[in-house]
Each structure stands twice: as C-alpha cells, then as structure tokens.
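Single-structure report; data block below.
Just so it is clear, none of the values below were taken in a lab; they were calculated from the coordinates. All of these numbers come straight from a predicted model, not from anything done at the bench. Note that each Cβ is placed from the backbone with ideal geometry, even for glycine, and that neighbours are counted across all protein chains shown.
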Amino acid sequence: MTMSISIVMEDIIMTDFFQALSDPDLGFLRNALLLGLIGSIPLGAVGTFVVARRISYLAAAIAHSVLGGIGAVLYAREVLGWTWLHPLLGALLAALLSAGVIAWVSLRSKQREDAVIGAIWVTGMAIGLLFIARTPGYVDPMAYLFGDILLVTRSDIWIAGGVGAFIVAMLLLWHRQIIAVCFDSEFASIRGVHADGIYILLLILTALTVVTLVSLVGIVLVIALLTLPPAIASLRARSLGQMLLASVVLTAGFAFFGLGLSFSLDFPTGPSIILLAAIVYLLANAGHRLLGR
Amino acid sequence: MIDSAHSDCSCQAHSGEPVVCFEGVSFSYGRNLVIEDADFDIYKGESICVVGPNGGGKSTLLKLMLGLLTPNQGQIRLFGQTAKRGRARVGYVPQQIEFDPLFPVTALDVALMGRLQRRSLGFVNRADRAAAFGALEKMGLSDQAKQPFASLSGGQRQAVLIARALVAKAELLLLDEPTAHVDVAAEERLMASLKALGAELTIITVSHDLAFVSRSVPKVVCVNGCVHVHPTIELTEARIRELYGHEVRMVQHDHEHLDSHGGHHHD
C-alpha cells in the first residue's frame, strides 16, 4: 500500500518535472539538469579516488578555501577596477594554493596534517568573508556556500564540460599510477612511479573539480556529491572501476531526482539534492549492515 | 652491540657479482645512528633472513637496499648498479598491516601493479593481464583473481603481494615480516611456494620468528645498529641473547615443516 502510494506520488512528481523540462520558458531547468549530468562525470570519477584514498576532509578544505579567492577577486573588481578578473580565476588560484600547501605538509613537513587542513579551511573562509564585507554593494556569501544550480547558463555548462573532459582524460591516462600510489605508494616508487607527483596530480584534479563546480552549485553541494555517491558505491564495489562507474551513475541520479523533487515540491535545489544523497547513503549503509556483505 | 663483520667478496664460495653489496654503509635519522658501517654481500640464489630487535635497523636496512633511503656513508650496489637503478629487478613484499582494508581492489588489480613502469599510461594490455594471472596461478590463487583483496585470508593476501612482486620479473625478492599475520599452515604453504620458485631467485626475508628463521634459511643477517652476517647454525641461544639484549624463546611448531634445504621433516 505504502509502496503504491509512493509510486503514484513519484509518478505525479516526475510527470510534472518531465513536462517542465520540455517547456520552452523553463530553459534554466534544462541547464541545471545538463550541468548535473555533465558534472556527475568528474565528480563521480575524482570522488572515487578522494573517498578510496580517504582524503574527503582535504577536498572539503580545498572547497572552503576557494571562498578566499572568490572574495579577493570580487574586491579587486569593485575597488581596484580589475574587471577583467573572473571569480573563477580567484577560486582556481586559492584551490591550487591550498592543494599545494596540503601536499607539502603531507609529503614533507612534520606538522600535524589534520590541523593544517583545518587551518586552511577556516583561513580561506575568513579571508573570503573579509573581502566580501569590504566590497561595495551587496554580495551574499550564502550564494557561494550553497550556490544556485538554477542560475547556470549555457557558457557555464561549456566550461564545466571542458574542464570535466580534461579531468577524465587525465584520469584515463594516469589511473593505473594513481591507484598504485593510493594503495601502496612505497611499492609504486620502487616500480619507478613518481609517487609524490602522482599524489599532487590527484590533489590538482580534486581542486579543478571543486573550482569548476563550486562557483555554479556551491561549496556544500560539491562536497556532498564528491563524497556521498562514492561512499555508497564503495559498499558493494569489488574494484575501483566498479566504484567509479557506480559513483557517476549515482551522482547523475541524485542530480536528476533531486532537481525533480525540488521543482515539484518547491524546495531549494541544492539542499534537495544533498538530502536525497544523504538519505540514500544512510539507507544503503543500513541495508548493507542488515544484509551483510 | 655486535661487531660489524666484513665479508669480503673474495672470501665467499660464490662466483660473479653479488646481487646486494653493502660497502661501509652508515645511516642515521638525525643524530640517531641506526646502521653503522655495514659491509656484506648477498649472492644469486641465496635465501637469507634479517633478524634483530625492534628499532635495531631491520626496516632501515631494507629501505636502504631499495634506495628509499640514502646512506650517510658508504655505498650500496644492487646487481652492480646504484640501488635506485637496480631496484627495477627487485620484488618488494611489504607488511600487510600497512594496507587500507577498505581500498577496493581485486587480487588481480594488486598483481597488475607489479607490471607498472614509470611511463605506464592508459589501460593494461593483454600481456600485463596474462603475466598477472600467471603469477597468481604460480602462488595457487588463480580462483581468487577476481576476489576483493580485503576479502582474502592473511596467507592469501601475502601470496597476492608475492605474486605482485614476481610479476615484475623480480630476481631478488625482499619480504618484510611475511609470516607476521598468517597462521602456521599458511606460513608453510607460503614458504613451499617460495621454494618452488626456483634456485635462480635470491630471497631476503625480515622476520621476528626465530623458529621460522632457524628452519627456513641457511644464513642470517643480524642487525642491531651493526650488521653481522653468518650461518644460521651459529644463531645459538647465547648469540640471540647478545643480539636482542635479553632472553628470546624459540617456539617450535609441533608439526611437519620445511627445513632449510626445501625438504620435509618433523619436530
């Protein structure tokens, strides 16, 4: 009975959503869906390595530090008149700088890695908020934290697609070395692989994924989609290849159904996608425990 | 502290260049001298165990051999080359405890890592796959190739790691505590597999298990700051007390096992 009600509800909700997708006046919805589907490829692929290598907290620190770069660029544009500067460039520099510091700390320094990651996380946010406070006019920091996938334009989709294609190409080329370094960096070094360089490459690919999507869908949604789908996929995956494919499919599914639910129930889109992913994650974990491996 | 023994190449009953050659090697972490004036050679086909107390420098010796650490003094040659060049011919089998049990790889994926080279880009080819399957088969694991590495038993995981080392066409096998996390039966299957690999392979094993050492290899490398190489038969109770600085009990397993020449006998 409950099942049939949920199927009927889902039917009504998704029928509404499908109709809206073909409505010429609702192009923003098609753009949002397109970005969700295109973004699911780099998010699922990079997220698989992030979760398998247990560096989710590191990706979250990079994502938050991006706010520092965006805030600095907004300030420079308004106050210094550097209108040629794009916020994406500020985000990219902040992300690469954070990734560089974290890589140096984890590979060379004797500092506590988790404490430095925490410091980068909060420092990046504080710098961003300070610059935004000093920038004339009203800028809502919440827009960068939660973003709005419904404001995505066609050119945003092209940028996301281009960067996504680059990330996938790099992973196709280097995946064997990345897997070997993530599993056993010492053995990989002995086989002639530049283990430190490969770890830095993984951090750069993470930073690129985060930067491209943070300015479009917000910091929180990027972290959610970078970690939750691979975490769900890892419960049943036997290999990284399986985990990667399942992560991409799950990310695309969360984007699609999350968007559909938010449209039909008039909920904010980002939180709808995140909550859908989080509920599936909890249910998958519970099911995995109940049914065993 | 044990005296360093200088085993000159010419004094050995071996021909040709040593596989491993340490010449006056010292290494320290900061001011802490870990290896002092190590001078020894290991030849093709030899099977040797590295023994000594915790913190005595066993792992450091292994890392020096692999070129992962650079000596402060002296030089190390692997197959007549520098350690970094020569290590391409070395199969390294680390301790299992260092692996993330949730990392999603199959036994075949792990074995394939042995085929990796500096310029390995893109997907694995048919030859890589065949070599990895072959190595798993040699270790009696062809049925487990598609199983997740984490789901295998301790002994099977160790065998997969040895297969990964063999797939690299290793001429020298370095095993770090191979019997630390496996039961006695698995340990003996492992040793039988290693012995079946042939006399061409040189095997260096780091071990805490003195009973295993005493019945598995004819020669030992004792490490406690200084390095001393001698026949296993000289590893007497007094010698062990001197090396470890305290009494060490050798627990003998009450069942069939392999002796140092690959044959079988009973305790």
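When the protein assembly as shown is described by a simple charge dipole with +1 on each Lys and Arg Cβ and -1 on each Asp and Glu Cβ, the residue from A:60, B:149, B:173 located farthest towards its positive end is A:60. Close Lys pairs in the protein assembly as shown (alpha-carbon distance under 18 Å; sequence gap of 8 or more, or different chains): 11. When +1 charges are put on Lys and Arg Cβ atoms and -1 charges on Asp and Glu Cβ atoms, the dipole computed for the protein assembly as shown relative to its Cα centre reaches about 1060 debye. Using only side-chain charges placed at the Cβ, +1 for Lys and Arg and -1 for Asp and Glu, the dipole size of the stretch A:127-273 relative to its Cα centre rounds to 280 debye.
An ellipsoid equivalent to chain A, defined through the eigenvalues of its Cα gyration tensor, has semi-axes of 31, 28, 16 Å when rounded to whole angstrom and sorted largest first. Fewest-first ordering of A:225, B:190 by other beta carbons within 10 Å of each residue's beta carbon gives B:190, A:225. Computed about the Cα centre, the dipole magnitude for the stretch A:9-131 is approximately 880 debye when only Lys and Arg (+1) and Asp and Glu (-1) carry charge, each at its Cβ. Shape of the stretch B:117-194 from its Cα gyration tensor (a ≥ b ≥ c, root eigenvalues): rounded if a/c is under 1.5, otherwise prolate when a/b > b/c, or oblate? Judged from the Cα gyration tensor, the stretch B:117-194 comes out prolate (a/c at least 1.5, a/b above b/c). Counting neighbouring Cβ atoms within 10 Å and putting the fewest first, the residues B:216, A:185, A:22 line up as A:22, A:185, B:216. With the Kirkwood sum run over all distinct C-alpha pairs, the stretch A:181-269 has a hydrodynamic radius of 15.2 Å. Note: relative contact order over the stretch A:3-134, using C-alpha pairs below 8 Å and six or more positions apart, is 28 percent. Of the residues B:169, B:84, the one with the fewest other Cβ atoms within 10 Å heads the list, and the complete ranking is B:169, B:84. Ordering A:17, B:201, A:281 by Cα displacement along the dipole of the protein assembly as shown toward the positive end leaves A:17 in first place; charges were set at the Cβ atoms of Lys, Arg (+1) and Asp, Glu (-1). Under the combined filter of DSSP loop state and at most 12 neighbouring Cβ atoms within 10 Å, the stretch B:112-217 retains these chymotrypsin sites (Phe, Trp or Tyr not before Pro): B:123. Could you compute the longest span of chain A free of chymotrypsin sites (Phe, Trp or Tyr not before Pro) located in DSSP loops and having at most 11 other Cβ atoms within 10 Å, not counting the site residues? Of all site-free stretches, the longest is A:139-293. Summed over qualifying helices (DSSP H, 4 residues or more, each -39500 (n - 2.57)) and divided by its residue number, chain A shows a 222 nm mean residue ellipticity of -28500 deg cm²/dmol.
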